[in-house]
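To start, the structure itself, in structure tokens.
The values are calculated or read from the model by the stated rules, or taken from the named source; none is laboratory data. Keep in mind the model is a prediction, meaning the values are calculated, not measured. No Cβ is skipped: glycine too gets one built from the backbone with ideal geometry, and neighbour counts run over all protein chains shown.
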Amino acid sequence: MPGMRRREFIAGLGGVVAMPSNNARAQAIPVIGILHSQSPDGFESRLRAFRQGLKEVGFVEGENVTIEYAWAENQVDRLPVLAAGLARRQVAAIVAFAPAAALAAKGATSSIPIVFGVPDDPVRLGLVASLARPGGNITGFNFFLLEVTAKRLELLREMVPTAVRIAVLVNPSNAGDAEPALKQVGVAAQAMGLQLRILNASNSAEINAAFATFERERPDALFVAADPMFTARRVQMTHLATRHAIPAAYSSRDHVDAGGLMSYGTNVPDTWRQAGVYTGRILKGTKPADLPVVQATRFELVINHQAARLIGLTVPQSLLTSADEVIE
């Protein structure tokens with residue numbers, strides 16, 4: 001019996017020794033970490049676009065690549081901790097959208113490849129040394145949401161030619177986007193002779209409170225700054241704008257598709273798709289330093305004609321003619 005137990009014990013050890021080969025095969029599947037300041041709610045189309053980009057390079061989630069999601073749930077101060085967790089996990093690449101997430105990823109690792117998507121100049125943000133030669137372990141995309149702030153304000157004024165008092169909604173908890181947006185919209189408003197009223201909102205309740213002020217002090221129009229939280233809350237925001245009959249301009253067509261009046265900016269979901277392509281190329285061995293930062297070159301004006309009718313607004317023919325897409 002003692003000899004038999006010893007043989008059984010040795011056989012058991014053999015079974016344990018055999019297991020690592022399976023684990024090794026599992027570990028051969030690369031893991032991508034996605035770092036974002038928001039929750040996954042409202043980002044389904046962008047995540048689909050990212051997966052599509054991966055697929056174009058030969059990677060399919062659940063088959064030959066795994067994606068680990070690190071959502072800060074609108075708590076920007078959590079991003080460095082989440083980024084550090086992905087770095088400890090030794091993921092094959094980190095994808096970070098928005099300046100706060102990209103800077104957190106860069107602060108967490110100098111070796112793991114990082115692909116960012118930001119709405120502002122990544123050189124000014126301190127993410128890369130130059131666009132053509134980003135250097136180090138990081139590259140990505142600038143989708144120019146902040147650089148076209150003045151143009152978007154001009155289009156809102158063209159939509160509402162009599163507008164003088166403009167409410168500007170920003171998310172103060174995301175200073176990386178809010179501060180430059182306020183600076184640019186302020187300069188543009190001064191040149192156009194517009195009066196601005198700044199409203200702050202960092203969560204759903206504060207969005208409701210901001211719109212509630214329109215019952216006391218009604219602005220002529222609303223300018224919504226580019227912000228991931230506002231994108232995630234787009235249904236709420238467009239519903240409130242319709243209820244209060246406020247003409248509003250947004251940074252991305254996500255809001256217009258959700259019932260908003262107008263947007264001007266780049267096709268952000270396509271930027272996510274391109275980020276998927278870049279990430280796939282990195283998984284295949286390309287170094288981030290050899291992938292130049294891509295800057296958006298195409299901007300689209302999208303108008304929801306039905307939304308205009310719901311608030312009793314007549315869209316100028318000039319805008320209908322120049323729009324890239326009019327949703328009827």
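Candidates Ala98, Ala83, Ala93: the one that is surrounded by 22 or more Cβ atoms within 10 Å (Cβ to Cβ) and at positive phi is Ala98. Annotation note: of Glu63, Glu73, the sole residue that is surrounded by fewer than 22 Cβ atoms within 10 Å (Cβ to Cβ), assigned to a loop (DSSP other than H, G, I, E, B) and modelled with pLDDT under 95 is Glu73. Set side by side, the residues Thr231, Thr213 differ, and just one is of a type in the set (S, T, N, Q), in a helix (DSSP H, G or I) and buried (at least 19 other Cβ atoms within 10 Å of the Cβ), which is Thr231. When restricted to residues that are on the phi < 0 side of the Ramachandran plot and surrounded by fewer than 20 Cβ atoms within 10 Å (Cβ to Cβ), region 252-272 contains 5.
Residues in region 115-135 that are among the hydrophobic types (A, V, I, L, M, F, W, C) and in contact with a helix residue (DSSP H, G or I) (Cβ under 7 Å, 6 or more places away or on another chain) were compared, and the one that is surrounded by the fewest Cβ atoms within 10 Å (Cβ to Cβ) is Leu131. Look at region 276-287: where a residue is polar (S, T, N, Q) and a partner is crowded, with 19+ Cβ neighbours inside 10 Å and outside any helix (DSSP H, G or I), sitting 6+ places away or on another chain with Cβ atoms under 7 Å, you get Thr279/Ile32; Thr279/Ala93; Thr279/Val95; Thr279/Val115.
Just checking: which of the helices (runs of 4 or more DSSP H) contained wholly in region 258-328 hold 3 or more residues that are touching a Gly at 6+ places or on another chain (Cβ under 7 Å), under 23 Å from Arg51 (Cβ atoms) and in the same structural domain as Arg133 (by TED's automatic domain parsing)?
Here the list reads 268-283.
Restricting attention to region 164-181, the residues that are modelled with pLDDT of 95 or more and either under 15 Å from Glu147 (Cβ atoms) or small (Gly, Ala, Ser) (or both) add up to 1. Cβ-Cβ contacts under 9 Å between residues 6 or more apart (or on different chains), taken from a first residue in region 183-197 that is among the charged types (D, E, K, R) to a second residue that is at pLDDT 95 or above, are listed as Arg197/Arg165; Arg197/Ile166; Arg197/Ala167; Arg197/Val168; Arg197/Thr213; Arg197/Pro219.
For the condition free of Cβ contacts under 8 Å to residues at least 12 places away in the same chain and closer than 25 Å to Ser263 by Cβ, Arg51 does not qualify.
Applying the set (1) of a type outside the set (D, E, K, R); (2) in contact (Cβ under 8 Å) with a residue 40 or more places away in the chain; (3) more than 17 Å from Arg281 (Cβ to Cβ) to Ile114 leaves exactly one unmet item: (3). Does region 244-251 contain at least one residue that is buried (at least 24 other Cβ atoms within 10 Å of the Cβ) and closer than 30 Å to Glu61 by Cα? Yes: one or more hits.
Give the residues of region 186-210 that are in contact with a strand residue (DSSP E or B) (Cβ under 6 Å, 6 or more places away or on another chain) and part of a helix (DSSP H, G or I), sorted by residue number. Within region 186-210, Ala189, Ala210 qualify.
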